[in-house]
1. Are any of the pairs Lys37/Lys166; Lys5/Lys96; Lys96/Lys166; Lys5/Lys166 more than 24 Å apart by Cα-Cα distance, and if so, which?
2. Over the stretch 4-115, consider all pairs of different Cα atoms and compute the Kirkwood hydrodynamic radius from their mean reciprocal separation; express it in Å, one decimal.
3. When Val80, Val47 are ordered from fewest to most other Cβ atoms inside 10 Å of their Cβ, what list results?
4. Which of the peptides 48-61, 88-101, 5-18 is most tightly packed, and how do the rest follow, going by the mean number of other Cβ atoms within 10 Å of each residue?
5. In nanometres, what is the gap between the two model label sites at Asp48 and Asp128, each 7 Å from Cα along Cα-to-Cβ?
6. Can you give me the distance in nm between label points at Ala179 and Gln89, each placed 7 Å from the Cα along the Cα-to-Cβ direction?
7. Working out 0.36 nm times the residue gap between Leu55 and Gln151, then minus their Cα-Cα distance, what length gain in nm do you get to one decimal?
8. Rounded to two decimals, what is Rg over Rh for the stretch 2-49 when you use alpha-carbon atoms and the Kirkwood radius?
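Where a number appears in this text, it was derived from the coordinates with a stated rule and is not lab data. Just so it is clear, the model here is predicted, and its values are computed rather than measured. Cβ sites come from the backbone with ideal geometry, for glycine too, and all protein chains shown count toward neighbours.
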Amino acid sequence: MKTLKVLSALLTYPEPEIIAAGPELKAVIAREGLLPKPYRAGLEQLVDDLSAHDLYDAQERYILLFDRTRSLSLHLFEHVHGESRDRGQAMVDLIKLYEDGGYTPTTSQLPDFLPLFLEFAATRAPADAIELIGQPGHVFAALRERLAKRQSPYAAVFAALVALSKATLSEPALAALRAEPDPEPEDLEALDAAWEEEEVTFGPGNAADACGKDGLGARMRQAGRPAPGLEQPSRATPATIVSHAGINIRQGG
């Protein structure tokens, strides 16, 4: 599913290669035809918005949204399991899931980084890819709402993910996510408080349980801090390769 590769690219740190690939990104989405027209239009607006921005302004906006603001983190385990102590093992389990699927990431990012997760999903058969991205569907829905509140064009990516997954969203999980602090990137005091929260413990009916018995959370165990030996990486620079046959997007280290 090359559409997932496009969504992965749009969620990576803006680099000249990604912005230059804008016309091809649009073409891939249109050619594959998996998304209804309103969702394609939203993604096209994001591509145009990135092209219209000064590169450094686009990069600063990305950092403010996705690096500084915990409620908008692109690391899935921040939303699925908060600060529980088993995150390291969850990372190991997710790496194994990638390896069992014959996928070797070419990035130093942690495995729960959403663009990396989407890159892996894009290598699966369509039915498997849809099932996989449906598991954290409530996270995508919450991120869509938070970005839409900020009138961010990035909301279009999460709207597309929710539409592609066709998942039945868990209302308890959405309620739990909506109850989390969602400070603005400029509110440094509130942001610091959000990042310094104590361990979150989940019970029945919470966001972690919403992943399902055989879902993302159960297969990868609960998530907390990185395990010993798994260093917190610096951002990897994505590489984009455009060919006449379509776009092949990979994460570069």
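1. Lys96/Lys166
2. 15.9 Å
3. The fewest-first ordering by Cβ neighbours comes to Val47, Val80.
4. 5-18, 88-101, 48-61
5. 3.8 nm
6. The answer from the label model is 2.6 nm.
7. 32.6 nm
8. 0.93
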